[in-house]
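The values are calculated or read from the model by the stated rules, or taken from the named source; none is laboratory data. Model, not experiment: these values are computed from the prediction. Here the Cβ positions follow ideal geometry from the backbone for every residue, glycine too, while neighbour counts run over all protein chains shown. Just so you know, the surface numbers come from the protein's heavy atoms only, side chains and all, with ligands and any DNA or RNA stripped out. Shrake-Rupley method; radii C 1.70, N 1.55, O 1.52, S 1.80 Å.
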Amino acid sequence: MEKLIVIGGNRLDGEVSVSGSKNAVLPIMTATMIVPGNYKINNVPNLRDTQTMIKLLRIIGAKVDYFDKTLIIDTIKCDNPSAPYELVKTMRASFYVLGPLLARFHYSKVSLPGGCAWGPRPVDFHIKALREMNVKVRLDKGDIIAEGQPHGGDIIFKKKSVGATGNILMASVKAMNETNIINAAKEPEIVALGDFLIKLGADIEGLGTDNIRVTPIKNENNNFEFDVIPDRIEAGTFMIAAATVGGNIKIKNIDPSHLDAVIELLKGINIDITINQNSFIIKSDGLYDAIDMETSEYPGFPTDLQAQWMAMMSKAKGDSIIKENIYNDRFTHIPELLRMGANIKLKNETAFIKGIEEIFPAPVMCTDIRASAALVISALASKGESEISRIYHIDRGYEGIEQKFSKLGANIKRIST
Ligand code: UD1
């Protein structure tokens, strides 16, 4: 078993380069199956989740090579349109194969994802939308079996969902006619997926807005290269870390426009941010005011940075409130932050935080990808040694986190026990 040992107290100084976006590359990897062909995808992070998706594509019959942040995927011989429980249970994003498999084979068997640490996380929007596209969907021994060529039509989501928008977008590029996705997710990862589908030959309008109109692929393009966008959540994690711990860092390889909500709040507590074309410079003395925050869909403050923000507010000057509007139960980091001395009270989906002067080191345990990042930030901000266990959660979504923080001057190392 591996652990991170962090001796907190060092300022963060220097430069860090952000990896490609996990949440963008995962659906793009599945989209390579829509049209049999050869694809080269650049800026792919080496993560547990990208490795899991490689395994899944191979099970379906794709040839996949990964080296030097580049994926070469040959989907010509895919012949097994199914995603087994063993993989779906370790990574819910496996559900993203549903749309592409239906698009290509008019059949898909995908294990129904179970609950997760943040609550039930249903997939009812995906299923309802596919049924509205005239696809027959049934449950058989824990698997969702979907059959039929998707029709187009108007698909109206009652609530925005990144995953459901992505799946329907991918199903619709091979539908019988045009599809209008109404109340679509606007996240940059959906825009990136749409850009990939446009390269495949689909005609898509309205990416990044509430309504996306898809005209199915007429002339297929099945041999091209694609660059993955930078990971805005990793970038945001480094911004919050520098602000909390104190230091002067340059965060490179980013798209600043993806982080407007985070920048605005950080500026609101007087963190010094210089925004360049592809980088930020963050300066902080580790002393900052408290400010209230609530998560919302893009372009609002991302739920995937809520835990890290809470670690930051734990040592702010004053009291703050964090309201989680996307996942009511996404608070598994609170008991761990309490072990480090934080003063947080939870009432339904709202956390009430009283800033403390000093965070204390402690042995703590990761519970999900972003909760883990919150613990690393708190450990870096404390004075003394913390041991962070169950770090396989971190490895799902952060590439070489200890190397990147070490390069910034942190005292952090991975040990095997
Ligand atoms: C994606 C991200 C995840 C992020 C989340 C919200 C990936 C691989 N994961 O997850 O990191 O935290 O977006 O930005 O990109 N919902 C339903 N029924 C459904 C689908 C969703 O009720 O069928 C609800 C969810 O419970 C949640 C909300 O809709 O309350 C948004 O979820 P959604 O955007 O679908 O999240 P994911 O795509 O699973």
Specify the angular offset, from 0 to 90 degrees and rounded to the nearest 10, of the alpha carbon long axis of helix 162-172 from the longest principal axis of the alpha carbons in the chain.
-> 20
Student exercise, the chain dipole from Lys, Arg, Asp, Glu Cβ charges, in Debye to nearest 20 = 800
The correct pair for region 113-193, radius of gyration to one decimal and Dmax as a whole number, both in Å and from Cα atoms, is 12.9, 39
Using a simple spin-label model with points 7 Å from Cα along the Cα→Cβ vector, what separation in nm is obtained for LYS141 and MET176?
-> 3.1
Which sequence of LYS250, LYS407 reflects their accessible areas, 1.4 Å probe, from the largest down?
-> LYS407, LYS250
Tell me, what does the Kirkwood hydrodynamic radius of region 65-168 come to in angstroms if you use every pair of distinct C-alpha atoms?
-> 14.6
How big is the Kirkwood radius of region 368-417, worked out from every pair of different alpha carbons and given in Å to one decimal?
-> 11.2
Report, to the nearest whole %, how much of the accessible area of the chain belongs to carbon and sulfur atoms, 1.4 Å probe, protein only.
-> 48
Using a Förster distance of 22 Å, how high is the FRET efficiency between LEU338 and LYS267, based on the Cβ-Cβ distance and rounded to 0.05?
-> 0.15
Which percent of Cα pairs goes in each bin when the distances of region 295-417 are cut into 5 angstrom slices starting at zero?
-> 2, 12, 21, 25, 20, 13, 6, 1, 0
So how do ARG396, ARG390 rank on accessible area, 1.4 Å probe, biggest first, that is with the largest at the start?
-> ARG390, ARG396
What's the angle, to the nearest 10 degrees (0 to 90), between helix 369-381's Cα axis and the longest principal axis of the chain?
-> 20
Relative contact order (percent) for region 3-70, with alpha-carbon contacts under 8 angstrom and 6 or more residues of separation?
-> 33
Residue span ASP289 to GLU86: 0.36 nm per residue of separation minus Cα-Cα distance leaves a gain in nm of 68.6 nm
For the residue pair TYR107 and ASN46, what label-to-label distance in nm results when each label sits 7 Å from Cα along the Cα-to-beta-carbon direction?
-> 3.8
Rank VAL262, GLN51, ALA175 by how far each Cα sits towards the positive end of the charge dipole of the chain (+1 on Lys, Arg Cβ; -1 on Asp, Glu Cβ) and give me just the farthest.
-> GLN51
List, largest first, the extents of the alpha carbons of region 165-256 along their principal axes, each in whole Å.
-> 55, 31, 16
How long are the semi-axes of the ellipsoid equivalent to the chain, from square roots of 5 times the Cα gyration tensor eigenvalues, in whole Å, largest first?
-> 38, 21, 20
Percentage relative contact order, region 173-271, counting C-alpha pairs under 8 Å, at least six apart | 24
How high is the relative contact order of region 279-417, in percent, with contacts defined as C-alpha pairs under 8 Å that are six or more residues apart?
-> 20
Would you tell me the accessible area of TYR288, worked out with a 1.4 angstrom probe on the heavy atoms of the protein chains, in Å² to the nearest 10?
-> 0
Going by alpha carbons, how many degrees (0 to 90, nearest 10) lie between the helix axis of 48-60 and the longest principal axis of the chain?
-> 10
Kindly report, to the nearest 10 Å², the accessible surface of ASP143 as traced by a 1.4 Å probe over protein heavy atoms only.
-> 30
LYS174: which lysines have alpha carbons under 17 Å from its alpha carbon, excluding same-chain residues fewer than 8 sequence positions away?
-> LYS136, LYS199, LYS218
How many nm separate the modelled label positions at SER406 and TYR66, each set 7 Å beyond the Cα in the direction of the Cβ?
-> 2.1
